[in-house]
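Input: a single structure, listed below in structure tokens.
Read-outs throughout are calculated quantities, based only on the coordinates presented, and are distinct from any laboratory measurement. Only a predicted model underlies this, so the values are computations on that prediction, with no experimental measurement involved. Don't worry about glycine lacking a Cβ; one is built from the backbone with ideal geometry, like all the others, and counts go over all protein chains shown.
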Amino acid sequence: MHDLIRLYASEQAHAHQAADSRDEALRRLVDFYLHTAYAGDQALDPHRESVAPAPPRPGCRPLPLPDETRALEWLDAEHPCLMAAQRLAVERRWHRAVWQLAPTLHTYHWRRGLLADQAAVASDGLAAARHLGDEAAQAPAHRLLAEVCALMGRHAEALERLHQALALAERTDDVPSQAHTHRVLAWAWGQQGEARSALDHATRSLALFQALEDQEWEARGFNQSAWYSAQLGHFEQARAYCEKGLLLHRGHGNRNGEALSLGVYAYLGLCTGRYADVLEHGRQALGLLRDIGNTYHEAVLLHGLGQAYAALGRPGEAREAWEQALELYRSQHRSGEAKRLQLQLSELIEREREGERDPGEARPPDTPPPPPDGLPRE
């Protein structure tokens, strides 16, 4: 809603409507954004852990968003209004709507790299879940906030929230919640560079999803386990995990998961000096990510492709990939990743100026290269 239109509508409502009528109209407005955003979230990732909202109020007519393209177009256009609807619900103490909006916006915020916005809605969502006194709501609310905390470098807070989530899930015998919490614990430890602890939680999560016979999340568990196995130098195990994950993702038509599986294959190529594999799998992954609007992981793939081009003595292509990745990192306020990549880019440009043909040796590195952050997160 344009600010002037909203101001005019507010003035007219106060002049001509009773307070109860105004309140009901605002509730319908929040319901409209919640339910339409939920439809968009389901179009973007129908298998994701989500919270189905209660039926909308009479007179509220949410929009159908039947596919990814329509969903992204609507979410891009209406994102400021969605954030305003969340703030309105907070102000009015409509705790259930506040809590439900947080996971509903999760996939969109991650795909677009809107991490500060996700941190804001996740924080409000956790506070609302606590007001409701609903333990089943509090565990996923802790997880949502912990993911963003880990990426923003608030590692102690992330782990504290995840341990609270795990305790809640165990107390209520909620096995799916336990599986998801181990998944996010793997992510949180991985963000600290603790690949061994990350792999431990990733394989626990994978085992729980297998016990639940949830193939969609089993596939994501294979991706995550492959990523951390590769970081530890367990390349054959990583390849086996990755192959299983890719087959399941393709079987379920999950293009985002397929892209991330291909991204792990590309990282394996970086670790073992098989740079042709990096380019083959990385380009496939990049095409899929661009098709579905996942700019968060697009930056990671471009970063990795640049590493391969540099190692192959193709500095022009490396620079092009890194410049694109750097622009995405900066637009998404990922300052740590941007700073590290800027150093690599500056060194590459300096070598070009000095006339060096090969800024990197085309051979397997002694240790796996530092991975671009964030690839296994789904």
Using +1 on the beta carbon of Lys and Arg, -1 on that of Asp and Glu, and nothing else charged, what's the dipole of region 214-378 about the Cα centre, debye to 20?
120 debye
Cubic angstrom per residue, convex hull over Cα atoms of region 143-226
76 Å³
Per the Kirkwood treatment, what hydrodynamic radius in Å, one decimal, follows for the chain from the mean inverse distance over all distinct Cα pairs?
21.8 Å
In whole Å, what is the distance between the alpha-carbon centres of region 90-144 and region 322-337?
26 Å
Using only Cα atoms, locate the centre of region 32-50 and the centre of region 202-273, then give the distance between them in Å, rounded to an integer.
25 Å
Could you calculate the contour length gain from residue 290 to residue 134, that is, 0.36 nm times the residue separation minus the distance between their Cα atoms, to one decimal place in nm?
52.3 nm
Spin-label model distance (nm) - residue 235 vs residue 70, 7 Å beyond Cα toward Cβ
4.7 nm
Would you mind ranking 181, 36 by Cβ crowding within 10 Å, fewest neighbours first?
36, 181
If packing is taken as the average count of other Cβ atoms within 10 Å, what order do 120-127, 319-326, 182-189, 224-231 fall into, highest mean first?
224-231, 182-189, 120-127, 319-326
Let's test this: bin the Cα-Cα distances of region 281-359 at 10 Å from zero up to the farthest pair and state each bin's percent.
20, 50, 25, 4
Semi-axis lengths, Å, region 214-378, gyration tensor of Cα atoms, sqrt of 5 times eigenvalues:
27, 18, 13
